[in-house]
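What follows is a single structure, written as C-alpha cells, with notes after it.
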Amino acid sequence: MTDHSRLDSVADRFAIIDVIVGMANALDARDWGAFRSYLAPELEVDYSEFRGEPPSRMSAEAYLEARQRGLENLKTLHLSTNHQVALAGDEAVCVSAYRIYRLDPCGEPGKNRLDSAGQYRHRLLRTGGAWKVTHIAQTVVLLEGNRAIHGAFR
C-alpha cells in the first residue's frame, strides 16, 4: 500500500465516521435536511430487536418520516462510539456502539424516558464522492424505560 493510498484510506475512514456521528447529531438537532443528506435514495433497515418488526427496504424519504414520527415531541441524545470501519473500494461497513437517551419533557416523571444501548452496523456506498448509508441494522443490549413515549410504539 502506497503512502497516498494509506492517506486515502484514513480520509475515507474519517469521512465514514463523520457520516455516522453526523446522523446522530442531526437527529438530536432535528436537522432533517442534514439527516437526509447522509442517506442513499433507498436503504435496508433492520430494527427487529428494538421494534420487533422484520427487516425491510424503504426509500430515504420514508425512513426520514419514520424518524420524525418516532422522535416527535422528544428530547434526545444519540451517542456514537467505538467505530470500526472496513473498506472495500467504494463500499464500507461501520460497526459502532450507541447509547440513546429519549425524554418526553411533558411526560410524568419516572415514566417519561426510554433509553437504549447496543450496536449499529451501517453499510455505506461512495457515490458522487460522498459516503451514503445504504443499510442500518441495530442490535439492542439495553432497553429500559417507557416504550410508549417513542412513536414506533405509540
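Structural remarks
- Selection status of Asp115, among the acidic types (Asp, Glu) and open to solvent by less than 30 Å² (accessible area, probe 1.4 Å): yes
- Note on the stretch 94-143: residues that are in contact with a Pro (Cβ under 8 Å, 6 or more places away or on another chain) and either on the phi > 0 side of the Ramachandran plot or part of a loop (DSSP other than H, G, I, E, B) (or both) total 1.
Condition check ((1) closer than 19 Å to Phe14 by Cβ; (2) not hydroxyl-bearing (Ser, Thr, Tyr)) across all residues:
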position: Thr81; (1), (2): yes, no
position: Leu87; (1), (2): yes, yes
position: Asp90; (1), (2): yes, yes
position: Gly107; (1), (2): no, yes
position: Gly118; (1), (2): no, yes
position: Thr127; (1), (2): yes, no
position: Ala137; (1), (2): no, yes
position: Gly151; (1), (2): no, yes
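- Residues of the stretch 97-107 include at least one that is open to solvent by 60 Å² or more (accessible area, probe 1.4 Å), under 20 Å from Arg51 (Cβ atoms) and either touching a residue at least 60 places away in the same chain (Cβ under 8 Å) or not hydrophobic (A, V, I, L, M, F, W, C) (or both).
- Looking only at the stretch 22-70, and only at residues there that are hydroxyl-bearing (Ser, Thr, Tyr), open to solvent by 20 Å² or more (accessible area, probe 1.4 Å) and not in a helix (DSSP H, G or I), the one that is nearest to Val133 (Cα to Cα): Tyr38
- When Leu64, Leu114, Leu77 are checked against the criterion of being within 15 Å of Ile149 (Cβ to Cβ) and under 14 Å from the mean Cα position of the chain (by Cα), Leu77 stands alone in meeting it.
The values are calculated or read from the model by the stated rules, or taken from the named source; none is laboratory data. This structure is a prediction, so every number in the text was calculated from the model and none was measured. All Cβ positions, even for glycine, are placed from backbone atoms using ideal geometry, and neighbour counts span all protein chains on display. The protein model used for the area step is the full one, side chains on, heavy atoms only, and it has no ligands, DNA or RNA in it. Shrake-Rupley method; radii C 1.70, N 1.55, O 1.52, S 1.80 Å.
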